[in-house]
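The structure appears right after this line, and notes come after that.
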Amino acid sequence: MQIINSILEYAFLQRALIVGLLVVVALAILGVNLVLKKYSNIGDGLAHVSFGAIAFALALGFSPLQFSIPIVIVAAFVLLLLGDSAKIKGDAAIAMMASVSIALGIIAISLSGGVNISIDSYMFGSILAIGKSDYLLSVIVLLIVIITYLFFYNKFFAITFDEDFALATGVKVKTLKALLSILTALAIVVGIRMIGTILISSLIIFPASSAMLLTDKYKIVMVLSIFFSIISFLIGLFASFYLNIPVGASIVVSNFILFVISFIYKKI
C-alpha cells in the first residue's frame with residue numbers, strides 16, 4: 001500500500017499509470033486477433049518503423065508522437081498490401097521494412113550529429129518519456145483504439161476465423177484488415193514511449209497466448225488477455241519503482257511469468 005501511495009504522489013508516474021493501462025489493454029485486445037491470424041509479427045515490424053520515424057523526429061526537432069503516427073499508419077497499409085501480394089510473403093515484408101526503418105533511423109541520428117534526448121529511451125522504454133505535451137494525445141489515441149475495436153467487435157471476430165465466410169456475408173474484409181492494422185499502429189506508437197521498440201511486440205503476444213492456454217472460447221480469451229495484461233503491467237510498474245529497474249523489461253518479465261504459470265496450470 002505504501003508503494004502505491006508513493007507512486008501516486010508523482011505526476012509523471014500518474015501519467016505513466018493511466019497511459020500504461022490504456023496501452024496494455026489496447027494491445028491485449030488487438031493481440032487476440034493478431035495472434036489468432038498469425039499477424040503478431042506485424043507488431044514488431046511497426047515498432048521498428050516507429051523507431052525510425054521517432055529518430056527522424058528527434059533529429060529534425062519535431063514532436064516524436066505527432067510525427068510518427070501518420071508514418072506508422074502508412075507503413076501499416078504498406079505491410080497489409082505486401083502481405084496480400086502473391087510475390088512477397090508477409091513475414092518477409094515485415095522483416096524488410098523493419099530493417100530498413102532501423103537503418104534509416106540510425107542514419108538520421110548520425111547525420112544530425114546526435115540528439116539531445118537519449119534514443120535508448122525509445123529502444124528500451126522509459127517511464128519518463130511520457131511528457132505533459134503528449135499525455136493528452138496518448139489518452140485520446142488509445143481511447144479511440146479501444147472504442148473503435150469494441151464497435152467493430154463482431155466483424156473482427158468474423159474475419160479472424162473465416163475471411164471467406166465473412167466476405168460472402170457482405171463484410172468488407174480488406175477494409176477491416178486495414179482498420180485492424182491502423183489500430184495496432186496507433187497503440188504501438190504510443191506504447192513505445194514507455195515499453196520500448198524492442199519489447200512492445202511482447203505485449204501483443206504474451207497476454208493472448210497465456211489466455212489461449214486456459215480456454216478456447218473467444219470471449220473468455222479476450223477477457224483473460226485483458227486481465228493478464230493489466231496484472232502484468234501493475235506488477236511490472238510497482239517492481240520497476242521498488243527495485244529501480246526499467247519498467248518495460250519488468251512488465252515483459254511479469255507477462256512471461258504469467259505465461260509460464262498458465263502453461264503449468266494447463267499441463268496439470
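Annotation: of all residues in the range 200-213 being surrounded by 24 or more Cβ atoms within 10 Å (Cβ to Cβ) and more than 13 Å from the chain's Cα centre (by Cα), the one that is farthest from residue 254 (Cα to Cα) is 211. Within the range 1-23, the only residue that satisfies the criterion of being under 15 Å from residue 186 (Cα atoms) and either in contact with a Gly (Cβ under 8 Å, 6 or more places away or on another chain) or at pLDDT below 75 (or both) is 23.
On inspection, residue 191 fails the criterion of being out of contact with any Cys (no Cβ under 6 Å at 6 or more places or on another chain) and on the phi > 0 side of the Ramachandran plot.
Only residues in the range 45-73 that are without any contact (Cβ under 8 Å) to a residue 12 or more places away in the chain and closer than 19 Å to residue 137 by Cα count as the first member; pair them with residues that are part of a helix (DSSP H, G or I) and small (Gly, Ala, Ser), Cβ under 8 angstrom, at least 6 apart or cross-chain, and list the lot. That search, which allows pairs on different chains as well, returns 57/68.
Scanning the range 230-268 for residues that are more than 18 Å from residue 198 (Cβ to Cβ) and either in contact with an Asp or Glu (Cβ under 6 Å, 6 or more places away or on another chain) or small (Gly, Ala, Ser) (or both) gives 239, 262.
If you take the residues in the range 214-239 that are surrounded by fewer than 19 Cβ atoms within 10 Å (Cβ to Cβ), in contact with a Ser or Thr (Cβ under 9 Å, 6 or more places away or on another chain) and over 10 Å from residue 251 (Cα atoms), which one is modelled with the highest pLDDT?
In the first step, residues of the range 214-239 are kept if they are surrounded by fewer than 19 Cβ atoms within 10 Å (Cβ to Cβ); the result is 214-220, 223, 227, 230-231, 234-235, 238-239.
Okay, now just the ones that are also in contact with a Ser or Thr (Cβ under 9 Å, 6 or more places away or on another chain), so 214, 218, 231, 234-235, 238-239.
Filter once more, so that each one left must be over 10 Å from residue 251 (Cα atoms): 214, 218.
Values: 214: 90, 218: 85.
The extreme case among them is 214.
Exactly one residue among 187, 158, 178 is buried (at least 24 other Cβ atoms within 10 Å of the Cβ) and either within 17 Å of the chain's Cα centre (by Cα) or over 21 Å from residue 70 (Cβ atoms) (or both), and that residue is 187.
Restricting the range 92-109 to residues that are more than 16 Å from residue 184 (Cβ to Cβ) and under 19 Å from the mean Cα position of the chain (by Cα), which is modelled with the lowest pLDDT? Reasoning before the result, please.
Of the residues in the range 92-109, the ones more than 16 Å from residue 184 (Cβ to Cβ) are 92, 95-96, 99-100, 102-109.
Still in the running and under 19 Å from the mean Cα position of the chain (by Cα): 95, 99, 102.
Values: 95: 77, 99: 81, 102: 80.
The selected residue is 95.
The values are calculated or read from the model by the stated rules, or taken from the named source; none is laboratory data. On a predicted model such as this, the values are computed, not experimentally measured, just so you know. Here Cβ is always computed from backbone atoms with ideal geometry, including for glycine, and neighbour counts include all displayed protein chains.
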